[in-house]
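Presented below is the structure to which this report refers.
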Amino acid sequence: MSTFTQDLQEAVEYHGHLCSGQIIGVRMARMGLKELGIDEPKNFRGLIVYVECDRCLTDAIGTVTGCKLGRRNLKWMDYGKSAATFVNTETGEAVRISNVSRHYPPDGADLAAFFDAIPDGDMFYVTRVKVNYRPEDLPGAPLESMICPKCGEGVADGRQVIRDGAAMCKACAGGAYYEAPDEA
């Protein structure tokens, strides 16, 4: 397993700068992996990580674990929380780690040294959890797909919804985050 310093360096290179979120994310990921007994996460295919925010710590968690959205083993849950759940799909074990502290380093502080002085127990809350996921949520080829009858776009992995008795994409069913020009 890599060292904390190696993990932090890789996270910073990927993210583009050192910040508190990078350090918290690296520590959170390392803790999750340790709790599940995973020493070589980038070579372990049974790991899925659910992140609960779209902030800096998510980049760090991804670099430490090797999990990626495109590989379908990094899942983003839009909760706005500094938390992540680490799942070993081979054993069914899962642990959720949340950042429960609000420690702010003084201006100009050495961030790594500042956060290193805070014990894990003062920074994180660890909970053994059960994650209910479907086969369609696992990495690998899509298990099912369909074409939305309204827009003609493909929908994979059971993400369609039923409206008025018809299967369609979430956007056409009224859940779009965007407005098409003819809808404005």
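Rule-based calculations on the coordinates, nothing more; no lab input. For clarity, every value in this text was computed on a predicted model and none was experimentally measured. Counting neighbours? That spans all protein chains shown, and the Cβs are built from the backbone with ideal geometry, glycine included.
Brief remarks follow.
- Residues (in a helix (DSSP H, G or I), hydrophobic (A, V, I, L, M, F, W, C) and in contact with a helix residue (DSSP H, G or I) (Cβ under 6 Å, 6 or more places away or on another chain)) located in region 49-90: Cys56, Leu57, Ala60, Ile61, Val64
- Options Gly21, Gly66: the member that is closer than 23 Å to Tyr133 by Cβ and under 17 Å from the mean Cα position of the chain (by Cα): Gly66
- Residue identified as over 27 Å from Ala156 (Cβ atoms), in contact (Cβ under 8 Å) with a residue 12 or more places away in the chain and not hydrophobic (A, V, I, L, M, F, W, C) among Pro105, Pro41: Pro105
- Subset tally (residues that are part of a strand (DSSP E or B) and touching a Gly at 6+ places or on another chain (Cβ under 8 Å)) for region 111-147: 3
- Candidate set from region 155-170 (those that are touching a Pro at 6+ places or on another chain (Cβ under 9 Å) and farther than 15 Å from Pro135 by Cα); member that is surrounded by the fewest Cβ atoms within 10 Å (Cβ to Cβ): Ala166
- Between Gly152, Gly174, Gly108, the distinction of being part of a loop (DSSP other than H, G, I, E, B) and either among the hydrophobic types (A, V, I, L, M, F, W, C) or farther than 26 Å from Gln6 by Cβ (or both) belongs to Gly152 only.
- For Val131, the conditions (1) in contact with a strand residue (DSSP E or B) (Cβ under 8 Å, 6 or more places away or on another chain); (2) within 30 Å of Ser20 (Cα to Cα); (3) exposed (fewer than 11 other Cβ atoms within 10 Å of the Cβ) all hold with the exception of (3).
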